[in-house]
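The structure under discussion appears below in the form of structure tokens.
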Amino acid sequence: MKLSTVLLGIALGDEVCYKHKECEVGCFTNLPPWGGTDARPGNKLPNLPSEVNVQFYLDTPLQTGLNIDYGDFDSLDASTFDPENPVYFIIHGYFDTGDEGWLQRISNLILEQENANILRVDWHKGSRTLQYAQAATDTQVVGGSVGCLIQDMESLFSSYPNMISKITCIGHSLGAQACGYVAQNIRNRYGINLPVIHGLDPAEPYFKDTPEEVCLGHSDADFVSIIHSDATQFLDGGVQGLGLSYPVGHIDFWPNGGTDHPGCDGGLFDQISDNGGIWEGLRDFAVCYHQRAIRFFEESIPKNCNFKSYKCKRWTDFYEGYCLESWDEDILPEMGWNSLQYKDRLPQPALNEVYLNTGDKKPFCVHEYLQRLYFNSNTDRNLELNLEIEYLHTSGDPLFLKINDAPLTPYEGFQMRTPLTLKEELGSINSLWVKFSFAGGLINFTHFASIERIYFKHGELQEAEL
């Protein structure tokens, strides 16, 4: 039996070097910071490439699901791989496989937008293990194996310059960390950066607070965008989130603050119905927050759902409606697929943090508005009122808003700020109805309360009405 993967050597049990056919997958160590630290206790070394068994499935406009054997020029040469088109690697995370529905959906959506070479990376023999620390360590072999396939492409299509400049890596969880190792592999082989990495909730366990050579960071590519969706920390006896809880990219998106997503509190049937399958529904029911980054990214590709995001110091400020502003005139970066178009517009070189809300189910994108009411009153806080406003606009049914849960006690100069997250975008507001009703307090017919002015801002357009 011919072995295509061999172990080249071990030095004092701390380093291994692996080779697959004629390609050097890489040399790996368990010395700090790779092991023996608080973040990475123990001394794990990556498994053999034959054990991780990285497989590549090529999707192009002409064929789907063709297995490409890295180290075998014939399989690549006989395929419909087009060196003139962009190249996308999609890498799954812990316990997933390359045949998962979400990888295929992202591949299909990209191919609907452009002619491209999509390579779904399957390393399920390494990822489907109860030994999470070993799977996390094996992502280095995944990165090295992708690097070998890129080397094959460069050799086979040497007459096509700048092929590496067309590569994007999309990874979820441990797959996002593997994208970082792909980037390091390219830098070591060719001395250039990977152009783009989209990190979908990069895994935090075994990577938290490690240096960028271990954990995905903005130095790994010319542009690194991150979607944080499971950043829960150890609070009140709760469970730690599976995704990074701090910024690492050129731009870091925090939908719903990076956790506590609407719709994740639904039942198992809701998740199965929303995901269109029992397995994906079961998985999303168990790790809904972590999977949301995938769902958001999927929905961002067709460009009919724009996840506009806003600069803010912290999530609580955004949630309370204090941050519906852009950082540069009317520029509001979009989470996901379209984030790359903002690469040269970021206010600082890296770690730009932006926030947004999402809906509870597909379509997840929503529209942000801010309503600010200015009151005119002489009640001296003695009169308690309820307030309702109905907006008549050009895009559909009237928008009815119950303004207060607890009774209002308006006084002269009183202001009220109300952030609104709506599924449907409002058109131009033509007119409105304001209704006050008595809720309690002392009745004095000489007292009055009115709304002097209403400020109504459309966050995405950065325009105010009324």
Hey, could you pull the Cα Rg and Dmax for the range 284-428, both in Å?
18.5, 54
In this structure, the FRET efficiency calculated for ASN162 and GLU425 from their beta-carbon separation, with R0 = 56 Å, to the nearest 0.05, is 0.90
Per 5 angstrom bin, beginning at 0 and ending with the bin that holds the maximum distance, the Cα pairs of the range 28-106 fall in percents of 3, 11, 17, 18, 15, 12, 10, 8, 5, 1
Distance between modelled label sites at LYS402 and TRP433, nm, 7 Å Cα→Cβ extension
1.7
Options [x] 65, 57, 40; [y] 97, 47, 44; [z] 70, 59, 46 are given for Cα extents along the principal axes in Å, and the computed one is [y]
Given the C-alpha centroids of the range 332-372 and the range 390-439, what is the distance between them in whole angstrom?
25
How far, in nm, would the chain grow between ASN304 and ASN53 when pulled straight, counting 0.36 nm per residue and subtracting the alpha carbon separation?
86.6 nm
For ARG105 paired with ASP265, estimate the spin-label separation in nm (one decimal), with each label point 7 Å from Cα along the Cα-to-Cβ line.
2.4
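Counting other Cβ atoms within 10 Å, which GluC sites (Glu not before Pro) in the range 373-424 have at most 15 and lie in a DSSP loop?
Passing sites in the range 373-424 are GLU412, GLU424.
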Segment GLN63-GLN131, extension gain: residue separation times 0.36 nm, minus the distance between their alpha carbons
20.9 nm
Using a 7 Å offset from the Cα along the Cα-to-Cβ direction at both SER450 and GLU15, what is the distance between the two label points in nm, to one decimal?
8.2
Of the listed peptides 136-143, 361-368, 80-87, what is their order by residue-averaged count of other C-beta atoms within 10 Å, with the highest listed first?
136-143, 361-368, 80-87
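Rule-based calculations on the coordinates, nothing more; no lab input. Every value quoted in this text rests on a predicted model; they were computed, and no experiment measured them. Note: ideal-geometry Cβ built from the backbone for every residue, glycine included; neighbour counts use all protein chains shown.
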